[in-house]
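Contents: one structure, followed by commentary.
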Amino acid sequence: MVGDKAKKLKLTENPEEVDAELILSIEKLQEIQDDLEKINDEASDKVLEIEQKYNEIRKPVYDKRNEIIKSIPDFWLNAFLSHPALSELLNEEDQKIFKYLSSLEVEDNKDVKSGYTITLNFNPNPFFENSKLSKTFTFLEEGTTKITATPITWKEGKGIPNGVNHDHEKNGNKRAPCDDSCGNECSFLSWFSDSDCEQKDDMVDLHDEVAELIKDDLWSNPLVYFNNLTVMKQEEPDEEDADDEADDEVIEVPLFLEKIEEKDEEDSEDEDDDEGGDEEGN
């Protein structure tokens, strides 16, 4: 035992030997880490291959869904208005324009990882000439995102400056104001058509956040949000019904209040009896 202790002391007293062992261990650890990185890269490639395959499988199903959605009036307008975050970008003018929105599509680039495109298809409308508006997000190697969008060809007297509602607070709902890089107040269409101006950091974040909500949340299952709004409308009582319910409402009195009221009534009856007895005595 004494010999072992002496051996350990000698090892620790020789820093060169300790450093060599440490370097050797780190090199072995790095080799293992490199092997893991290779496996992770292979896994990522396989995931991308599977995603590409299933994107092709999903495409006709999405097309079929879009055809059915076209038969439902104001489907996308109601789905957007029901979404807790996206609804904040839809002002009154956006809502008027969205009544002409026939379909929405999200399509990944073929390699999946380099970006995606959001496309809005419109019926003929009194606001602009475009039948299709697209916004493309391209992920560059340096880690930045290139954003391109279809310029909107507004009809005479129309446009974002004319169509934006400048009241930030309406019907008790507070809408946070924000400006895009061109100086336009944020609405959905100002966001969707904004790409030509130089992007500020906060606007890049806004672009990414809104686009991801559309791609990963709304597009994947818009029926959830459409149904939410439909249920909310069905559950809203008429004013007359609400008044009738208020008139018929029975207020339950807690038991301890009932007992206090009963005691007060008994005390009041006793006082009346006492006063009556005094009068008879006089």
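Values in this text are rule-based calculations from the coordinates and carry no lab data. Note that the structure is predicted; figures quoted are calculated from it, not measured. Cβ sites come from the backbone with ideal geometry, for glycine too, and all protein chains shown count toward neighbours.
If you take the beta carbon distance between GLN52 and LYS155 as r and set R0 to 41 Å, what does 1/(1 + (r/R0)^6) give as a FRET efficiency, to the nearest 0.05? Walk me through the intermediate numbers first.
Numbers: r = 40 Å, r/R0 = 0.98.
Once the sixth-power term is evaluated, E becomes 0.55.
List residues of region 33-55, by number, whose backbone nitrogen lies under 15 Å from a label position 7 Å along Cα→C-beta of ASP108. Those under the cut-off are 43-55. Just list whichever of LYS99/LYS146; LYS70/LYS99; LYS59/LYS96; LYS99/LYS215 have alpha carbons separated by over 23 Å in the model shown. As for pairs spanning more than 23 Å Cα to Cα, those are LYS99/LYS146; LYS59/LYS96.
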